[in-house]
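Student: Take a look at the following structure, please.
The values are calculated or read from the model by the stated rules, or taken from the named source; none is laboratory data. Note that this is a predicted model, so its numbers are computed, not measured. Positions of Cβ are backbone-derived with ideal geometry, glycine not excepted, and every protein chain shown enters the neighbour counts. Only protein heavy atoms, including side chains, enter the accessible area calculation; ligands, DNA and RNA are left aside. Shrake-Rupley method; radii C 1.70, N 1.55, O 1.52, S 1.80 Å.
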Amino acid sequence: MGAAPNRPPALRFLDEIELDRKIAYSTASWLESNFHENIWIGHVGRAPISIDFNILLYDGSHLTSTQNTPLLQLFKHWLCVQTHSDLIGGKVLGEKSLKRRIDDTLSLIDYFLLNGEQYQLAKYGLKLVTENDIAVLLDKISRSSKLCNSLYDWKFRFENFLSTNSANMHISYIESAIKKTPLLDNPLCADNQRAANNRAGRVWLWENGFYSAIRRKVGGCSLNTTRVCAILYRNTLRGRNMRPSEPDFTLCNDDVYHRELKQVHVKNYDSIESSKGRANDLKNIIFSLELVESVSSYTPPNLPEYSTRLSKLDYPEKGRYKTLPMTVMFSCLKNALEFYIEYADLIFDTVIKASKTSKELGISVDDSFENEIVIPEKLRALGVCRWNITPRTGYSPEYSSSKQYFSGLRSNISLLLLYKVLMGAIAIAIGLLSARRQSELLNLGANSALDRTCTRLIYRLMKSGTLDLRARTAIPIPKICTTMIKSIEKFQKQLCGKNFNLFSKMNDDASGFCAATPSIHNHLFDIFCDYFQTAEESPGRRYYIRQHQLRRGFAMAFFWSGAPGGMEILRRFLGHTDASHLYNYITESTDGAVFRSIKANFVAGNIANLDDEKNNLSLLLSEKFGTSEITILDSLEVERYIETLLLNRTMSVEPIFIECENGTTYEVVVRIKR
């Protein structure tokens, strides 16, 4: 919005303010190019940013043509304002937050570009966008955690793209193509109806070069969705470079060996929906157009009014990971610690020996292991006779099926797989006993994770600090965890002469390590669970543990120690014979919010066992929240109610320690203030 031409002299100062805003909203800390250039270049940390505004609009004109200058400048100002103090105040954004804000703004611009004809963008910009349009957009955002679906309508556009291009394929042609390339009839999600119904689509994609080889799987191919997006979204700013996941179109010659069985759902909410926080982030970017209104006349009208009314819309609450059954938790901890104590030194030493021999003789580690290495008797008795049996290496065709592979895993044939099981055992133990976030564990250095006394774990506290700087924090850690960390430090040093992150992945040829990632960390949990065959929730659906569950597990073990062998396992491996000492350790290593949710879980899980003398809790819930029908509520709802009571101190859950002949024991007491 330019300066008003007929302002009285007393209001001329507004001309300068508007001019200042126009200049201010034409620059950004990450932008290196001039505002008026048609291709923007910039950087966020080491991540390069390139935005090409030379795209076609729905009417055939270019966004960069002179007639569309007001629309182009609207979009550019919208991008620049995302880092301006008028929007973010005195807050300094970290690199990840800044990059996501830019990407999200580009995606929202793409949404309007894809619907350009509806809004007549070339003629009116966003002036025809109504309150209802914004409400519909926010509803779409809340319904999907993936922008490719909420803003780009990927599923619909992709399936329409397929049906249009494969519509004229005769069934005989499809059968002939599949006979020639059997891989096309073996999608990864073969039990998925969508995958089964897209045989013609897979043939067309294959013949037109849309598949790329997957190095991790023999004969496997994944759909190159970036190539598809370059066609479907060629006239967008960000969408053309997207890479949506399409597992229904992933092809593999054989079974996938990440997990033996299906995974028990680890989240207690539908992860398809966007979280409340994520939806609010995008909503705030939409209403940042209020600032752009001062420098452009192409913004939606009445935005402040829309913002007030639409702020009342409900979004899904952020969900939680499901709590593991205590029997599963205790069993995994017991197996992890016993496996480490029994085999860690032998496995680490033999891997080092095999690696050094292969380098000295100039042969593969597999050949050196089978022909040159003397396998320690204890490992040979366990079944170890090869380095690897993973089919993709081409070494072991007899283990080419899923059933054979997992049988070989549990028969201890492969030293490499035993090493991975060992690392999984360490991940389970440290993950459970330290109660840290996965990101905090992945950032631990093997040679810098402990303090000088080797009694405390030093880590960078995620979700703290400013920018990408994190507060360094130390918590007490059990001696067994200290021993594990030191053994990994020693192993890495002997294998490569230097140290890496604690959970860095060793290359399959033992030549070095690659960076620790969430997927690598999760795979350690998976192989551990398959090796020890953790319990199944239902036939064919196994508990595959995740760090989010372990983080709550240790403190929960204290409250739920009535499970078979629970407290005995904790005391045995932690060296705490006194229950009060154990509780002090737990309270020091677990943050308040997590601890509060654990207490709520304990109380909710015991409501069904309350006798007539303990009905105060039921009465309190009825009094505070208007319900006493606890049995018909979802357990998560009950936990949230109880957390509220704990937070406002209407309820407390604490152990009472009792001295007895065999040491200190305890009872968990729930106190209610009326």
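Student: If a residue has to be open to solvent by less than 40 Å² (accessible area, probe 1.4 Å), modelled with pLDDT of 90 or more and over 30 Å from Tyr544 (Cα atoms) to count, how many in region 326-370 make the cut?
Tutor: Total satisfying the criteria: 2.
Student: Checking Ile373 against (1) open to solvent by 40 Å² or more (accessible area, probe 1.4 Å); (2) at pLDDT below 80; (3) β-branched (Val, Ile, Thr), only one condition comes out false. Which one?
Tutor: With respect to (1) open to solvent by 40 Å² or more (accessible area, probe 1.4 Å); (2) at pLDDT below 80; (3) β-branched (Val, Ile, Thr), Ile373 is out only on (1).
Student: Has region 551-572 got any residue that is among the basic types (Lys, Arg), modelled with pLDDT under 90 and under 21 Å from Val264 (Cβ atoms)?
Tutor: Yes, the conditions are met somewhere in region 551-572.
Student: Looking at (1) of a type outside the set (Asp, Glu); (2) more than 15 Å from Ala28 (Cα to Cα); (3) in contact with a helix residue (DSSP H, G or I) (Cβ under 6 Å, 6 or more places away or on another chain), which is the only condition Ser145 fails?
Tutor: Of everything listed in (1) of a type outside the set (Asp, Glu); (2) more than 15 Å from Ala28 (Cα to Cα); (3) in contact with a helix residue (DSSP H, G or I) (Cβ under 6 Å, 6 or more places away or on another chain), Ser145 misses just condition (3).
Student: State which residue is most open to solvent (accessible area, probe 1.4 Å) when the search covers only region 376-404 and only residues that are closer than 19 Å to Asp509 by Cα and either modelled with pLDDT of 70 or more or of a type in the set (D, E, K, R) (or both).
Tutor: Arg392
Student: Can you pull out the residues in region 204-229 that are of a type in the set (A, V, I, L, M, F, W, C), modelled with pLDDT of 90 or more and over 26 Å from the mean Cα position of the chain (by Cα)?
Tutor: Trp204, Leu205, Trp206, Phe210 - these are the residues of region 204-229 that are of a type in the set (A, V, I, L, M, F, W, C), modelled with pLDDT of 90 or more and over 26 Å from the mean Cα position of the chain (by Cα).
Student: Right, next: What number of residues within region 22-66 are part of a strand (DSSP E or B) and of a type in the set (A, V, I, L, M, F, W, C)?
Tutor: Residues in region 22-66 being part of a strand (DSSP E or B) and of a type in the set (A, V, I, L, M, F, W, C): 9 in total.
Student: Can you find a residue in region 424-433 that is open to solvent by 10 Å² or more (accessible area, probe 1.4 Å), outside any strand (DSSP E or B) and out of contact with any Gly (no Cβ under 8 Å at 6 or more places or on another chain)?
Tutor: Checked region 424-433: no residue is open to solvent by 10 Å² or more (accessible area, probe 1.4 Å), outside any strand (DSSP E or B) and out of contact with any Gly (no Cβ under 8 Å at 6 or more places or on another chain).
Student: Can I ask one more? For region 84-135, which helices (runs of 4 or more DSSP H) that fit wholly inside it have 3 or more residues that are open to solvent by 30 Å² or more (accessible area, probe 1.4 Å)?
Tutor: The qualifying helices (runs of 4 or more DSSP H) are 85-88, 95-114.
Student: Mind checking which residues of region 145-155 are assigned to a loop (DSSP other than H, G, I, E, B) and either among the aliphatic types (A, V, I, L, M) or surrounded by fewer than 18 Cβ atoms within 10 Å (Cβ to Cβ) (or both)?
Tutor: Across region 145-155, the qualifying residues are Ser145, Lys146, Leu151, Asp153.
Student: Would you point out the residue of region 468-488, among those that are modelled with pLDDT under 75, surrounded by fewer than 14 Cβ atoms within 10 Å (Cβ to Cβ) and not small (Gly, Ala, Ser), that is farthest from the chain's Cα centre (by Cα)?
Tutor: Only one residue tops the list, namely Leu469.
Student: Also: Please list, ordered by first then second residue, the pairs with beta carbon atoms under 8 Å, 6 or more apart or interchain, first in region 284-297 and under 14 Å from Ile88 (Cβ atoms), second acidic (Asp, Glu) and crowded, with 19+ Cβ neighbours inside 10 Å.
Tutor: From residues that are under 14 Å from Ile88 (Cβ atoms), the pairs are Ile285/Asp104.
Student: Only one residue in Gly89, Gly116 is touching a Phe, Trp or Tyr at 6+ places or on another chain (Cβ under 9 Å) and without any contact (Cβ under 8 Å) to a residue 60 or more places away in the chain, so which one is that?
Tutor: Result: Gly116 is the single residue among Gly89, Gly116 that is touching a Phe, Trp or Tyr at 6+ places or on another chain (Cβ under 9 Å) and without any contact (Cβ under 8 Å) to a residue 60 or more places away in the chain.
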